[in-house]
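Have a look at the structure below, then the notes.
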Amino acid sequence: MSGIVGSINTRGSGITNLGSAADGQLFTGTGAGLPVGFEAAAGGGKVLACASTVITARPSTTDDDWLDIAGFNITTGTLATSSSKLLIFVQMIQGTTTTYHSNAVLKITPEGGSAVYPYKGTDASDSGDTWNASMFISYAHSATSNNAGGETMVFLYSASSTVAHTLQMMWRVQNGATLYLNRPITDQYGHGVSSITYQEIGA
């Protein structure tokens with residue numbers, strides 16, 4: 001609600017009958033040389049929604065094809081406007097049995113739409129996938145029993161529609177190695193916690 005209710009009637013001043021403010025409007029200047037009045041509050045830069053998923057499970061993979069990581073996802077609600085942006089944060093803990101590169105990538109799927117892979121590169125000489133830092137995680141882990149690596153991603157995504165979006169983490173690993181989430185090779189040196197968080201930012 002505006003802090004000003006009803007009409008303003010000031011005898012002897014130059015301000016008479018400004019009228020009533022609509023819900024959410026502010027009493028403000030309307031421009032150089034113009035009288036004061038009521039205008040809508042600025043809408044840009046607001047955090048309109050925020051949610052997070054924490055993953056404590058410890059799955060593993062030996063696959064060199066991209067697979068969804070079970071439970072490592074979050075779905076937004078319907079967005080406030082088609083001009084909203086999603087500010088996405090990912091923290092991922094991994095351990096692997098070799099020093100070969102393991103890879104993880106973010107998949108963004110609008111409801112009823114096609115998936116987007118903002119960090120997945122392409123290279124025709126390498127079966128359509130680029131094994132480099134164009135993916136958000138491309139990490140040569142040390143193959144020691146008590147080491148796990150932590151990687152962080154921050155990405156700003158322009159939604160362009162108001163439908164709900166699913167944010168899903170995927171992974172793959174080279175040369176038949178085993179890749180673990182939230183743990184090192186030997187499962188006795190402590191466990192990690194991974195997470196995915198988004199904020200809907202008003203444009």
>> Let me confirm something: among Gly95, Gly24, Gly6, Gly33, which residue is modelled with pLDDT under 85 and assigned by TED's automatic domain parsing to the domain that holds Val163?
In response: Gly95
> Looking only at residues in the range 60-82 that are out of contact with any strand residue (DSSP E or B) (no Cβ under 8 Å at 6 or more places or on another chain) and either surrounded by 15 or more Cβ atoms within 10 Å (Cβ to Cβ) or of a type outside the set (Gly, Ala, Ser) (or both), which one is modelled with the highest pLDDT?
Replying inline: Thr78
>> As an exercise: evaluate Thr96 against (1) crowded, with 19+ Cβ neighbours inside 10 Å; (2) over 28 Å from Gln188 (Cα atoms) and give the number of the one condition it does not meet.
In response: (2)
> If we scan the range 10-21, do we find a residue that is at pLDDT 65 or above, at negative phi and either in the same structural domain as Thr96 (by TED's automatic domain parsing) or out of contact with any Leu (no Cβ under 7 Å at 6 or more places or on another chain) (or both)?
Replying inline: yes
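The values are calculated or read from the model by the stated rules, or taken from the named source; none is laboratory data. The structure displayed is predicted, hence computed values, not measured ones. Neighbour counts run over all protein chains shown; Cβ positions are idealised from the backbone, glycine included.
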